[in-house]
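This report refers to the structure that appears directly beneath it.
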Amino acid sequence: MVTESLRATTATAGQLLVHAEALRADADLMDGYARRLTATAATLGTCPAAPDWTRPTLYRQAAACTTAARQLRTAAAALLAHARA
């Protein structure tokens, strides 16, 4: 039988700030991925040999990256607010 510790751990304000910064850095990466995917889709739009499904797929992936970036920034803001409280 596995037992779990009932002892809760609490992150310090400094640890929360580090996590928030990491989340913001990840959000920046996701924005970069979105830009690259959009640029690739635009480039493929000028390529007659590219399959028809590639552009819509890349645009959907770019939108997902943009959404993830927004969610990461929201999480970072929540951590910062918690660290300040």
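The values are calculated or read from the model by the stated rules, or taken from the named source; none is laboratory data. This is a predicted model, so every value here is computed, not measured. Reconstructed Cβ throughout: ideal geometry from the backbone, glycine too, with neighbour counts over all protein chains shown. These area figures cover heavy atoms from the full protein model, side chains too; ligands, DNA and RNA do not enter into them. Shrake-Rupley method; radii C 1.70, N 1.55, O 1.52, S 1.80 Å.
As I understand it, the value is the acute angle between the Cα axis of helix 54-84 and the longest principal axis of the Cα atoms of the chain; what does it come to in degrees, rounded to 10?
With both axes taken from Cα atoms, the answer is about 20 degrees.
Heavy-atom accessible area per residue, the range 1-84, 1.4 Å probe: how many Å²? Before the final figure, lay out each step's value.
Working: 6230 Å² over 84 residues.
The answer is 74 Å² per residue.
What residue among THR66, THR54, THR74 shows peak mean-square fluctuation when the chain is described by a Gaussian network model with Cα springs under 10 Å?
Looking only at THR66, THR54, THR74, the biggest GNM fluctuation is shown by THR54.
On a 0 to 90 degree scale, rounded to 10, what angle separates helix 13-44 from the longest Cα axis of the chain?
Around 10 degrees separate the two axes.
Taking K and R as +1 and D and E as -1, what net charge do the other residues with C-beta under 14 Å from the C-beta of ALA83 add up to?
Local net charge: +1.
Put a dot 7 Å past each Cα toward the Cβ at ALA50 and GLU21; how far apart are the dots in nm?
Result: 3.8 nm between the two label points.
With charges only on Cβ, +1 for K and R and -1 for D and E, what is the dipole size of the range 1-84 about its Cα centre, in debye, rounded to 20? All intermediate terms of the calculation are to be shown ahead of the outcome.
Numbers: 9 positive and 6 negative charges, 34 e Å.
So the dipole magnitude of the range 1-84 works out to roughly 160 debye.
If you average 1/r over every pair of different alpha-carbon atoms in the range 1-84 and take one over that average, what Kirkwood value in Å do you get?
With all distinct Cα pairs of the range 1-84 included, I get 15.3 Å.
Just the number, please: carbon plus sulfur as a percent of the accessible area of the chain, 1.4 Å probe, no ligands or DNA/RNA counted.
Working: 3890 of 6340 Å².
It is 61 percent, rounded to a whole number.
Can you tell me how much longer the chain between ALA75 and ASP28 gets when fully stretched, taken as 0.36 nm per residue apart minus their C-alpha distance, in nm with one decimal? Please report the intermediate quantities before stating the final value.
Numbers: separation 47, 0.36 × 47 = 16.92 nm, distance 1.35 nm.
Once the chain is fully extended between ALA75 and ASP28, it gains 15.6 nm.
Round to the nearest 0.05 the FRET efficiency obtained for ALA11 and ARG60 when R0 = 35 Å and r is the Cβ-Cβ distance.
The value I calculate is 0.50.
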